[in-house]
């Protein structure tokens, strides 16, 4: 399918099964639930426009997006186990979700990894969004500022954390974050990205402490 317009549509359910979309306009579409790649074979979106879209995608399926625009979007959930993103741009808000570097599931794709490079998230607000299982964050543009923690050497950072001091100061709040970081590194995520606002307010002072530690290690 090429050069089709779905502009401004309001859908309870959007499901694409083993489909190809080229230069299609999904701008300002509202989808209560979106499955971008149903079936056993990957769906492909090339140079498609999702600007102003609002959607929830708990199970987006096996989909590949190349040079697609997601400007000024409102995404409630985007749980990308088998999604590939290449040279896409995002702005607006993603409230909850994750991007996997390694696909898995009951019927995972035959590929060993999801291609994920050249994407620009710098203008987006990522509130509770994880990059995990081997996403190379050096190949993306990420948002920066007081709301975010970025560590390039994730494994070294976790090993270097003064855990006893942090547990004494923050208690179970640090224990929970340490488990998250340790699991991320153990499952192949070499760079760490955290959104401070994505965590409960009670944990944010501890996360700001981690941010200062990360920045201190970077400057050391």
Cα-based helix-to-principal-axis angle, 204-219 vs the chain, degrees rounded to 10: 80 degrees
Among 54, 169, 76, which one shows the biggest mean-square fluctuation in a GNM of the chain, springs joining Cα atoms closer than 10 Å? 169
Å³ per residue enclosed by the Cα convex hull of the stretch 145-220: 85 Å³
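Please give the peptides 173-182, 1-10 ranked by average Cβ packing (other Cβ atoms within 10 Å per residue), highest first, as a rough proxy for protection.
On the way: 173-182: 16.4, 1-10: 12.1.
Per-residue mean Cβ counts within 10 Å order the peptides as 173-182, 1-10.
Which whole-number percent is the relative contact order of the stretch 1-128 (Cα, under 8 Å, 6+ apart)?
Numbers: 400 pairs, mean separation 22.5, N = 128.
Relative CO of the stretch 1-128 lands at 18 percent.
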Taking only DSSP H segments of four or more residues, each worth -39500 (n - 2.57), what value at 222 nm results for the chain once the sum is divided by all its residues, to the nearest 500 deg cm²/dmol? -6500 deg cm²/dmol
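Report the relative contact order of the chain, percent, no decimals, based on alpha-carbon pairs under 8 angstrom and at least 6 residues apart.
Details: 549 pairs, mean separation 27.0, N = 220.
Answer for the chain is 12 percent.
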Quick one: work out the % antiparallel among DSSP beta bridges in the chain, nearest 5. 10 percent
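Let me know the shape class of the stretch 1-143, please: from the alpha-carbon gyration tensor, a ≥ b ≥ c as square roots of the eigenvalues, rounded when a/c is under 1.5, otherwise prolate if a/b is greater than b/c, or oblate. Let's see the in-between values first.
On the way: a/c = 1.42, a/b = 1.10, b/c = 1.28.
Rounded, because the longest to shortest axis ratio a/c is under 1.5.
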Degrees, to the nearest 10: 172-186 long Cα axis against longest axis of the chain: 60 degrees
Residues 196, 86, sorted so that the one with the fewest Cβ neighbours within 10 Å comes first: 86, 196
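A short reminder: the numbers here are calculations on the coordinates, not readings from a lab. On a predicted model such as this, the values are computed, not experimentally measured, just so you know. As a convention, Cβ positions derive from the backbone with ideal geometry for all residues, glycine included, and neighbour counts pool all protein chains shown.
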